[in-house]
């Protein structure tokens, strides 16, 4: 009976249990009908999935100096292989004055062509002032492992503002462990390793400031992020001081799905310890 109920459930829902993994980096082309700024663009989608929610960043660009960066949300139906993405906010733009950014909706189909994973379909949208419709067009994308643009790391406005004024002393970085995970959601907890001796640390992920001058204790300092497949993420622990008992040491506990992994970090005034993460879906 449970099998029958599951089949009936799948008929009326997206049944994501068997869904393809559409998270990751997708690159290709976007066309636009007459009246657009250019008839042909490049397009990169950085899609993340966390708690069954699809979010990400889109870059449509003529070249790397002329682009529009947008945030989007979306949904995927595993039965029809249909992916719908809706752009929400313009995060950054560098386009000619005579051009207007389009806020787009993507209606895409997932398929495999040879050895490639492909998204293709249509898009439509409205101009930035939301008064006029943009000339619509077509999209063709392939899943890749290398991005043409930096992959964003979630950071609060306060930390982003602080990082602009922050000048950390240059230090060598030692990667003490490389961790491969099979889930996109990664949680990191840092504890003082041994006696609590007033160590304070600053933590960066791929160069983005996530913790600033936080003391290591028997209560965890927590960092969480959503990884893209095939991308490398490097967490660096920078010692703000050496505490009462040098060097500055920490126990790192990593939770990735059902897996729990430990790593021991030791940073000094000359060297910062780092752990590298790679997400490889099963």
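Estimated from the Cβ-Cβ distance and a Förster radius of 30 angstrom, the FRET efficiency linking residue 80 and residue 51 is about 0.85.
Quick one: grab the alpha carbon gyration tensor of the range 101-190, order the square roots of its eigenvalues as a ≥ b ≥ c, and give me rounded if a/c is under 1.5, else prolate or oblate depending on whether a/b is larger than b/c. Oblate shape, in that a/c is at least 1.5 and b/c is the bigger or equal ratio. Once you reduce the range 255-282 and the range 178-232 to the center of their Cα atoms, the two points are 8 Å from each other.
Scaled against the 2.2 N^0.38 Å expected of a compact globular protein of N residues, the Cα radius of gyration of the range 157-279 reads 1.01. Each peptide among 90-98, 22-30 gets the average number of other Cβ atoms lying within 10 Å of its residues, and from highest to lowest they stand as 22-30, 90-98. Between residue 241 and residue 129, what's the calculated FRET efficiency when r is the beta-carbon distance and R0 is 51 Å? Round to 0.05. FRET efficiency, residue 241 to residue 129: 0.50. Separation of the range 135-169 from the range 36-75 is 11 Å, based on Cα centroids. Computed per residue of the chain from DSSP H runs no shorter than four, each worth -39500 (n - 2.57), the mean residue ellipticity at 222 nm is -2000 deg cm²/dmol. The rule of thumb for compact globular proteins, 2.2 N^0.38 Å, goes into the C-alpha radius of gyration of the range 2-144 1.13 times. Packing order of peptides 211-219, 139-147, highest average first: 139-147, 211-219 (average count of other Cβ atoms within 10 Å over each peptide's residues). Taking every alpha-carbon pair under 8 Å whose residues sit at least 6 apart, the chain reaches a relative contact order of 15 percent.
Using the C-alpha atoms of the chain, what convex hull volume per residue, in cubic angstrom, is computed?
Each residue corresponds to 164 Å³ of Cα convex hull volume.
Annotation: extensible slack from residue 162 through residue 40 equals 40.0 nm (criterion: 0.36 nm per residue apart, minus Cα-Cα distance).
Quick check on the range 171-214: what does the Kirkwood estimate of hydrodynamic radius come out to from the alpha carbon pairs, in Å?
Mean inverse Cα-Cα distance, inverted, gives 13.1 Å.
Let's test the formula: R0 of 22 Å, r as the Cβ-Cβ distance of residue 178 and residue 251. What FRET efficiency results, to the nearest 0.05? Calculated value: 0.80. Relative to the current alpha-carbon distance between residue 151 and residue 63, full extension at 0.36 nm per residue lengthens the span by 29.9 nm.
Taking 7 Å steps out from each Cα toward its Cβ at residue 213 and residue 92 produces label points 2.8 nm apart.
Read-outs throughout are calculated quantities, based only on the coordinates presented, and are distinct from any laboratory measurement. All figures in this text were calculated on a predicted structure; none of them were measured in a lab. Here Cβ is always computed from backbone atoms with ideal geometry, including for glycine, and neighbour counts include all displayed protein chains.
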